[in-house]
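Nothing in this text is a laboratory measurement; each read-out follows from the coordinates by a stated rule. Quick caveat: nothing in here was measured; it's all calculated off a predicted structure. Because the Cβ atoms are built from the backbone with ideal geometry, glycine has one as well, and the counts that use them run over all protein chains shown.
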Amino acid sequence: MRIRSGVVVAALALALAASGCSGGGDDPETPASAAPAGGKLVIWGDDKRAAALKPFAEKFGQENGVTVEVQAISKDQQTTFVTASQQGSGPDVMVGAHDWIGNLVQNGAIDPVQLTAEQQQSLAPNAVKAVTFNGQIYGVPYATENLALIRNTKLAPAAPATIEDLVAQAKKLKADKKASELLCLQVGQNGDAYHAYPLFSSAGGYLFGTTAGGDYDKNDLGIAKPESIAAFKKIQALGEKGAGALKRSITVENSIATFTAGKCAYLVSGPWAITDAKKAKIAYDISPVPGFAGAKPAQPFLGVQSFYVAAKGKNKALAQEFVTNYVTTPELAVALYQAEPRPPVLTAAYDQVKGTDPDLAKFVEAGRNAVPLPAIPEMATVWDPFGKAESAVIGGADPKTALTAAAKTISGQISQ
């Protein structure tokens with residue numbers, strides 16, 4: 001589940017910094033090439049990934065004659081990493097989302113990684129594109145995630161071709177008292193730009209334009225442009241004063257639970273929802289999020305989980321060796337998949353697990369039109385104003401007024 005927060009947990013960051021949990025007693029300014037044999041490699045990841053990494057880290061340590069420590073950072077991983085890096089107490093390797101890259105580069109927290117052409121070709125191209133920033137590859141990607149339409153096949157045997165078809169079928173189910181909600185797509189009082197984006201993009205809206213080189217362009221903010229306002233008018237028609245398919249009462253806390261309780265035939269969510277669907281013994285299928293009739297295909301965001309080499313790590317040569325030559329092995333990629341099922345980026349690993357998990361290929365297909373989450377630092381200014389505009393419009397507010405206000409807030413933050 002994607003939860004975004006700009007909150008700094010200062011106590012956690014300071015505790016980590018004070019613990020000196022980056023290894024070795026080497027001078028932080030010692031060049032990576034001068035790192036002595038028998039040093040220490042420190043890896044930070046979240047709880048699930050840290051647990052999966054530990055046996056592989058130990059094996060890597062044995063093979064290279066070094067000590068490897070894997071430490072779990074439970075929350076606010078990006079903020080904690082940047083803070084610790086600036087204080088000289090960060091790790092050598094960080095595991096996290098690709099859309100951190102712009103902020104991490106801006107803060108001098110990560111180095112480019114040294115993947116060979118052959119290694120790049122063994123990875124899914126869209127994932128490599130996602131970790132490429134300013135023409136350089138900054139992370140070794142290992143798993144992807146994107147939204148899809150998950151439907152209760154007992155209530156909805158066939159995938160809807162358009163969002164209009166979905167609403168029509170859902171209204172019939174509600175009229176027949178087989179469901180109480182038309183669509184479980186989380187909105188909440190503050191909106192949710194990530195979950196709204198497939199419909200927003202289908203209707204022609206955009207967040208940032210792109211440069212000639214294909215990078216997102218912070219100077220081309222599309223939120224208040226005519227095509228984005230038109231897109232929000234279509235979204236409003238699905239809202240509380242329209243079809244009633246999009247509602248602020250559907251939130252991050254209850255969207256999946258409403259679906260697994262059988263109260264809603266259609267859920268827009270990601271791979272993280274499947275565990276709950278299986279526990280609830282819901283018969284389900286997965287297909288792309290449907291777009292508007294006669295419009296563009298819906299484009300969910302593509303999220304990519306990656307390994308980063310810390311720019312201020314004490315053992316950078318070992319860190320490069322680990323992320324480029326060890327993370328790219330099928331054994332490690334499969335272990336990470338087993339810890340948290342997401343489509344592996346490494347083709348050999350994907351081929352190995354897809355036969356035992358039919359959902360993988362369906363999520364990959366649902367993400368065929370996905371676009372990488374913007375990794376530019378300016379994207380951090382978008383989430384809250386855009387989400388609040390979305391929530392207001394779904395509640396009946398004027399799209400032009402709401403988006404103009406959001407764009408003004410975002411532009412003001414970008415120009416600071």
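Structural remarks
- Loop-resident trypsin sites (Lys or Arg not before Pro) (DSSP state other than H, G, I, E or B) in segment 143-209 with no more than 12 further Cβ atoms inside 10 Å of their Cβ: K154, K177.
- For segment 220-236, the residues whose backbone nitrogen is under 20 Å from a point 7 Å from the Cα of K408, taken along Cα to Cβ, are 220-230, 232-233.
- Segment A295-T67, extension gain: residue separation times 0.36 nm, minus the distance between their alpha carbons: 76.6 nm
- Placing +1 on each Lys and Arg Cβ and -1 on each Asp and Glu Cβ, with no other charges, gives the chain a dipole about its Cα centre of roughly 1660 debye.
- Longest exposed-site-free window of the chain, the sites being GluC sites (Glu not before Pro) in a DSSP loop that have at most 13 other C-beta atoms within 10 Å: 30-252
- For segment 288-397, the spread of Cα positions along each principal axis, largest first, Å: 54, 40, 22
- Only beta bridges with both residues in the chain are counted; by DSSP, about 70 percent of them are antiparallel.
- Positive-end extreme of charge dipole, the chain - chosen from G270, T356, A170 (charges on Cβ): A170
- Cα-Cα P(r), segment 136-227, percent of pairs per 10 Å interval: 12, 31, 31, 18, 7, 1
- Given charges at Cβ of Lys, Arg, Asp, Glu: the chain dipole, positive-most of L403, G242, G214: G242
- Theoretical ellipticity at 222 nm over the chain - DSSP helices of four or more residues, -39500 (n - 2.57) apiece, nearest 500: -11500 deg cm²/dmol
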